[in-house]
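Following: one structure in structure tokens, then a few remarks.
The values are calculated or read from the model by the stated rules, or taken from the named source; none is laboratory data. This one's a predicted model, so the numbers in the text were calculated from it and none came from an experiment. Note that each Cβ is placed from the backbone with ideal geometry, even for glycine, and that neighbours are counted across all protein chains shown. Keep in mind that these areas ignore ligands, DNA and RNA; they rest on the heavy atoms of the full protein, side chains included. Shrake-Rupley method; radii C 1.70, N 1.55, O 1.52, S 1.80 Å.
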Amino acid sequence: MNENDIKVFVEGATHYFQHVSDEPAVVQVPYLISHNESLIYDFTGIIGISGNRRGNVYFTAPRPMLKFLLMVQGEPEITDENCSDMVGEIANTLSGNARRDLGKDFMISVPVVLQGKPEQLLLAKGNRSFVIPIQWRQYTAALVVSLEKNG
Amino acid sequence: MIKLMIVDDSNTIRRRIERLVNLNDVSVVATAGNGLEAVRMFKKHQPDAVTMDITMPHMDGIQCVEALLRLRADTRILVISALADKATALEAIKKGANGFLCKPFNEDELNEALQELLED
């Protein structure tokens with residue numbers, strides 16, 4: 001994973017929040033995380049990556065942020081079920097949008113959503129994983145990108 | 001009245017599209033969470049137009065476009081997907097979709113894309 005890959009996801013996260021609300025997100029400086037560390041908020045949407053890269057991309061966010069996002073989008077049912085759905089959809093959108101730059105061989109899975117802390121760590125051993133902190137309104141979420149080139 | 005079906009594996013996206021559609025003479029008659037369910041609902045409700053996600057479990061949106069067009073060739077289909085590469089949009093069009101809208105989208109973009117879909 002190189003600097004350009006990280007830039008693709010930073011730009012994607014900025015674009016997403018600009019587009020879905022009138023309040024842009026502040027994407028902070030990405031940093032490296034090792035495979036035995038974890039950064040998990042209340043809900044996490046995980047996308048498996050295959051094709052020209054392999055690994056995973058996950059978006060993790062606190063419940064109040066997801067509830068606020070649902071509200072901003074006019075969703076009347078502010079439930080944990082819809083928070084799960086929303087976090088999976090954000091992970092899917094940020095990963096899918098990355099194909100604009102990474103190409104159609106950047107293959108993404110349907111999202112898997114976790115609520116709370118997982119029993120197993122999400123980061124693949126050996127991959128360099130970057131945390132992209134996302135500040136939106138008073139909330140902090142993160143996009144974690146753990147990829148390596150395939151082949 | 002134009003009958004619209006919404007296909008997306010995200011419940012919040014289905015509900016959002018349903019809330020945002022703001023065109024005269026368009027009525028949402030059905031929603032589906034994957035391609036297989038979409039085929040069942042299509043047979044039951046006979047919609048004139050469909051919004052179609054691509055990345056879905058069981059049957060993806062590209063396969064579903066082909067399946068729906070086999071059932072009724074003049075169905076108008078707007079693919080709404082996060083997959084932002086040109087190759088995916090071209091593939092969807094090649095399989096018979098009439099338009100492509102990239103997620104995330106806002107109310108104006110959705111209604112403009114639907115308007116174009118129905119005017120074609």
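For the reader, a short list of remarks on this structure follows.
- Meets criteria (surrounded by 20 or more Cβ atoms within 10 Å (Cβ to Cβ), in contact with a helix residue (DSSP H, G or I) (Cβ under 6 Å, 6 or more places away or on another chain), more than 16 Å from residue B:20 (Cα to Cα) and away from chain A (no Cβ under 14 Å)) for residue B:97: yes
- Only listed residue being under 20 Å from residue A:104 (Cβ atoms) and surrounded by 19 or more Cβ atoms within 10 Å (Cβ to Cβ), chosen from B:31, B:75, B:51, B:88: B:88
- If you go through the range A:5-48 and keep only what is in contact with a Leu (Cβ under 9 Å, 6 or more places away or on another chain), within 14 Å of another protein chain (Cβ to nearest Cβ) and of a type in the set (S, T, N, Q), you end up with just A:21.
- Taken over the range B:30-48, the criterion of being more than 21 Å from residue B:83 (Cα to Cα), aliphatic (A, V, I, L, M) and touching a strand residue (DSSP E or B) at 6+ places or on another chain (Cβ under 6 Å) is satisfied by B:30, B:41.
- Among the residues making up the range A:106-134, those that are open to solvent by less than 50 Å² (accessible area, probe 1.4 Å), part of a strand (DSSP E or B) and at pLDDT 90 or above are A:106, A:108, A:114, A:130, A:131, A:132, A:133, A:134.
- Residues of the range A:33-62 that are part of a strand (DSSP E or B), open to solvent by 20 Å² or more (accessible area, probe 1.4 Å) and not hydroxyl-bearing (Ser, Thr, Tyr): A:46, A:48, A:51, A:53, A:54, A:55, A:56.
- Taking the listed residues B:103, B:95, the one that is out of contact with any strand residue (DSSP E or B) (no Cβ under 7 Å at 6 or more places or on another chain) and of a type outside the set (Asp, Glu) is B:95, with no other qualifying.
- For residue A:81, the conditions (1) assigned to a loop (DSSP other than H, G, I, E, B); (2) loosely packed, with under 15 Cβ neighbours inside 10 Å all hold with the exception of (1).
- Any chance residue A:87 is of a type in the set (A, V, I, L, M, F, W, C), farther than 14 Å from residue B:84 by Cα, open to solvent by less than 50 Å² (accessible area, probe 1.4 Å) and more than 8 Å from every other protein chain (Cβ to nearest Cβ): yes
- Every test in (1) crowded, with 18+ Cβ neighbours inside 10 Å; (2) not in a loop (DSSP other than H, G, I, E, B); (3) not aromatic (Phe, Trp, Tyr) is passed by residue A:75 save one, and that test is (2).
- Qualifying residue in the range B:1-10 (condition: within 23 Å of residue A:98 (Cα to Cα), within 14 Å of chain A (Cβ to nearest Cβ) and open to solvent by 30 Å² or more (accessible area, probe 1.4 Å)): yes
- Residue match in the range A:63-70 (condition: open to solvent by 70 Å² or more (accessible area, probe 1.4 Å), closer than 25 Å to residue B:61 by Cβ, at pLDDT 95 or above and within 14 Å of chain B (Cβ to nearest Cβ)): no
- One residue stands out in the range B:72-94 among those that are under 12 Å from residue B:53 (Cβ atoms) and small (Gly, Ala, Ser): the one that is nearest to the other protein chains (Cβ to nearest Cβ), namely B:82.
Here's the yes/no breakdown for (1) of a type in the set (Lys, Arg); (2) under 12 Å from the mean Cα position of the chain (by Cα):
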position: B:19; (1), (2): yes, no
position: B:37; (1), (2): no, no
position: B:44; (1), (2): yes, no
position: B:48; (1), (2): no, yes
position: B:78; (1), (2): no, yes
position: B:90; (1), (2): no, no
position: B:94; (1), (2): yes, no
position: B:119; (1), (2): no, no
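- Annotation: residue B:41 fulfils all but one of (1) away from chain A (no Cβ under 14 Å); (2) not in a helix (DSSP H, G or I); the unmet one is (2).
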